Amino acid sequence: METLCATQILDAGLDDWRKLASALHARFCTGDFSTGLALVAAVGRAAEEAGHHPDVTLTYPFVDLRLLSHDTGGVTARDVALARRISEIAREQGVAAEPGSLTELELALDTADLAAVGPFWAALLTGSPEALAGDDVPSPDGRVPLLWFQHTTEHETPRQRFHVDLWVPHDVAQQRIAAAVAAGGQVVDDTQAPSFVVLADPEGNKACVCTCLDR
C-alpha cells in the first residue's frame, strides 16, 4: 500500500491521533485499570477483524496506541482506517483522547561513517547488527529510543555528536519550545521550522523539537 505523507494524514481528520517520527500515536485517558483493560479488549477485537494490529501500552491512567504498516515502514490507509475505528470504540466507551501529551524520543548521532558505527549501535541496542534499517535503529519492543544517524563530514574540531530529537504533535510544538526557552534555554536555529527547531540548554547542549510538518 502507498505510504501517506503528513499532509494526507492531516487531511484524514484523525483528531485523536498525531504522527510523530514514523507512526500514528494516540493516548486515551481511561482513569483506571479496568476501563483501560476494557478498551484494549475492544481494540483487540477490532484489530483482529481488520487483520492489522496496533502496538498497545496499558497503564493505570491511560492507554497508548501506535499504528504503523511495517511492510512499508510508514503510515498507510489501513492505519488510518483502524485509527478511526479505535476512536469510535473510545467514544462508545466514554474515553477521551489526549493528543497534546504525546511525545516520542529519538537519539541522533552524527557520523561520517555509518557502515562502521551503525552495526555496533544496532547490536548494542537490540542484540543484532542486522537491526540497522537505513539510517535508523528502530526499537523492536519500544524499550529504547529510536536511534537515527545524521550524516556529516569528517571533522577534527570537537563537537556534540549525540543530540536529542523530541517528536511532539505539530499543534503543541510552539508551546513546548516556549516552555524550554522560559526554563533557561535558547533557540539556536529555527530556519527549518516547522519541521524542526534546534534548542540549546544554558551549557550549550543541543536538542531538536521535531514535528511531521514539511517533511
Mean 1/r over distinct Cα pairs of segment 77-141, inverted to a Kirkwood Rh in Å, yields 15.0 Å
Add +1 for every Lys or Arg and -1 for every Asp or Glu among the other residues with Cβ under 15 Å from the Cβ of Gly118, and state the total. -4
Residue-averaged [θ]222 nm for the chain, counting only DSSP H segments that reach four residues, each worth -39500 (n - 2.57): -9000 deg cm²/dmol
For Cα pairs less than 8 Å apart in space and 6+ apart in sequence, what is the mean separation divided by the residue count of segment 138-215, i.e. the relative contact order in percent? 29 percent
In the neighbourhood of Leu147 defined by beta carbon distances under 11 Å, the net charge of the other residues (Lys, Arg +1; Asp, Glu -1) is -4
Long-range Cα-Cα pairs in segment 79-215 (distance over 22 Å), rounded percent: 52 percent
Using Cα pairs closer than 8 Å and at least 6 residues apart in sequence, work out the relative contact order for segment 84-215, in percent. 23 percent
Given springs between every Cα pair under 10 Å in a Gaussian network model of the chain, which of Arg85, Arg176, Arg161 has the largest fluctuation? Arg161
Assuming 1.002 mPa s and 20 °C, estimate D for segment 1-153 with Stokes-Einstein, Rh taken as the Kirkwood radius over Cα pairs, in µm²/s. 128 µm²/s
May I ask for the distance between the Cα centers of segment 1-76 and segment 141-170, given as a whole number of Å? 25 Å
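Bear in mind these aren't lab numbers, they're just calculated from the coordinates by the rules spelled out. Since the model is a prediction, treat every value here as computed from it, not as a measurement. Cβ coordinates were reconstructed from backbone atoms using ideal geometry, including for glycine residues, and neighbour counts include every protein chain displayed.
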